[in-house]
Amino acid sequence: MKRKTPNAQRRAPNAEVGKPRTKRDECSTLNIEWGLHGLRINDLADSEYGVSRDRRYDLEDRLLDFAVDVVQLTGSLPNTRAGNHIAGQLLRCGTSPLSNHGEVEAAESRKDFLHKLRICLKELRETKRWLRLVTRLKRLGEPANLPSCLNEIEELIRIFAASVKTTEQNMKL
């Protein structure tokens, strides 16, 4: 069922039917509604737009899930001077790759793309160091989902390091 929206774009005469025209067309679209309790944002399912993707490989979703895990982990740290300091640092560096990845997608040149990718990688590596500190400090206890955060940070670092390497190689061509 096709829905018409007030700001729908007309299909270009030479556009291929069934293929996304741009990278942005592949992304899910937000549904923003005003309700009784204020603004509500629903992420519409890709199936509503005829896009089928394997969610395990959607980097934005992985970064979003990781940011949620970091927020939950920091919330379970003790309310001590050390716990609050580590929680604050971990919150900043553990959630920033999500927003920085958005900047990567909006890069204006290959050089800009590479620079922003490196920023994401730097923040992920900083997050890994803070997570390792949490594992070493016994008086912080065993925070929620620490093992899954450690596993995911390793995978994300590998993904971003490979992307940086590939981009560097492609820039030399």
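The values are calculated or read from the model by the stated rules, or taken from the named source; none is laboratory data. This one's a predicted model, so the numbers in the text were calculated from it and none came from an experiment. In this analysis, Cβ positions are derived from the backbone assuming ideal geometry, glycine residues included, and neighbour counts consider all displayed protein chains. Note: areas computed on protein heavy atoms with side chains; ligands, DNA, RNA excluded. Shrake-Rupley method; radii C 1.70, N 1.55, O 1.52, S 1.80 Å.
Condition first: of a type in the set (A, V, I, L, M, F, W, C), within 23 Å of the chain's Cα centre (by Cα) and open to solvent by 10 Å² or more (accessible area, probe 1.4 Å). Now tell me which residues in the range 78-89 satisfy that.
Start the filter on the range 78-89 by keeping residues that are of a type in the set (A, V, I, L, M, F, W, C), which leaves 82, 86-87.
If we keep only those that are within 23 Å of the chain's Cα centre (by Cα) too, we end up with 86-87.
Of everything in the range 78-89, just one residue is of a type in the set (A, V, I, L, M, F, W, C), within 23 Å of the chain's Cα centre (by Cα) and open to solvent by 10 Å² or more (accessible area, probe 1.4 Å), namely Ala87.
Can you name every residue in the range 90-105 that is open to solvent by 60 Å² or more (accessible area, probe 1.4 Å) and without any contact (Cβ under 8 Å) to a residue 60 or more places away in the chain? Write out each step before concluding.
Going residue by residue through the range 90-105, those that are open to solvent by 60 Å² or more (accessible area, probe 1.4 Å) are 91-92, 99, 103, 105.
Leu91, Arg92, Ser99, Glu103 - these are the residues of the range 90-105 that are open to solvent by 60 Å² or more (accessible area, probe 1.4 Å) and without any contact (Cβ under 8 Å) to a residue 60 or more places away in the chain.
If only one of Ile159, Ile119 is of a type in the set (Val, Ile, Thr), open to solvent by 50 Å² or more (accessible area, probe 1.4 Å) and under 15 Å from Leu59 (Cα atoms), which one is it? Spell out the reasoning first.
Working: Ile119 fails: under 15 Å from Leu59 (Cα atoms).
Among Ile159, Ile119, only Ile159 is of a type in the set (Val, Ile, Thr), open to solvent by 50 Å² or more (accessible area, probe 1.4 Å) and under 15 Å from Leu59 (Cα atoms).
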